[in-house]
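Below is one structure, written out as structure tokens; comments come after it.
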């Protein structure tokens, strides 16, 4: 599904809007052809991850169905909550290297559908030392 600029842009609008409405920062994201990886961090003590995912999936699925007439998301999702001893940098690196591991590109910076809403892509790539 996420193989062209228009498809990714449609979902990015809702990701951005949801991150603004539900207090989360999008540290990194990577749209793979058939799924999405997102690394988020709550920016307020009342930030609710499940609510963030619920609203994002609802908004993006609605817009997707309007434009494409098909279902976008499966019912559930996989989450991993980082513990204090886990480095966010390592998770970001893993996420950004997904297109390389999948054989789509040779370097993450060559893949058009990854980035961050908090820092420039080059700064993010430098911080994870790819």
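FYI, it's all coordinate maths here, none of it is from the lab. All values reported here derive from a predicted model rather than from experimental measurement. All Cβ positions, even for glycine, are placed from backbone atoms using ideal geometry, and neighbour counts span all protein chains on display.
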Original post:
Based on the alpha-carbon gyration tensor of region 66-130 and its eigenvalue square roots a ≥ b ≥ c, which shape applies: rounded if a/c is under 1.5, prolate if not and a/b is larger than b/c, or oblate?
Top reply: oblate
Original post:
Pick from 71, 38, 119: which is most flexible by mean-square fluctuation in a GNM of the chain where alpha carbon atoms under 10 Å apart are linked?
Top reply: 71
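Could you calculate the contour length gain from residue 94 to residue 106, that is, 0.36 nm times the residue separation minus the distance between their Cα atoms, to one decimal place in nm? Walk me through the intermediate numbers first.
Values: separation 12, 0.36 × 12 = 4.32 nm, distance 1.45 nm.
Here the answer is 2.9 nm.
Kindly provide the helix-only [θ] at 222 nm of the chain, computed as the sum of -39,500 (n - 2.57) over DSSP H runs of four or more divided by all residues, to the nearest 500 deg cm²/dmol? Before the final figure, lay out the partial values.
On the way: 5 runs with 57 residues, N = 130.
So the helix-based figure for the chain works out to -13500 deg cm²/dmol.
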Subject >> Modelled FRET efficiency - R0 22 Å, residue 63 with residue 118, Cβ distances, 0.05 increments >> reply: 0.40
Subject >> Two-site label geometry, residue 74 and residue 21: point separation in nm, points 7 Å out along Cα→Cβ >> reply: 2.6
**OP:** List the residues of region 67-89 whose backbone N lies under 16 Å from a point placed 7 Å from the Cα of residue 41 along the Cα-to-Cβ direction.
**Re:** 81-89
Subject >> Inter-probe distance in nm under a simple model that places probes 7 Å from Cα toward Cβ, at residue 13 and residue 83 >> reply: 4.2
Original post:
Where the convex hull is taken over the Cα atoms of region 5-127, what is its projected area averaged over directions, in nm²?
Top reply: 7.9
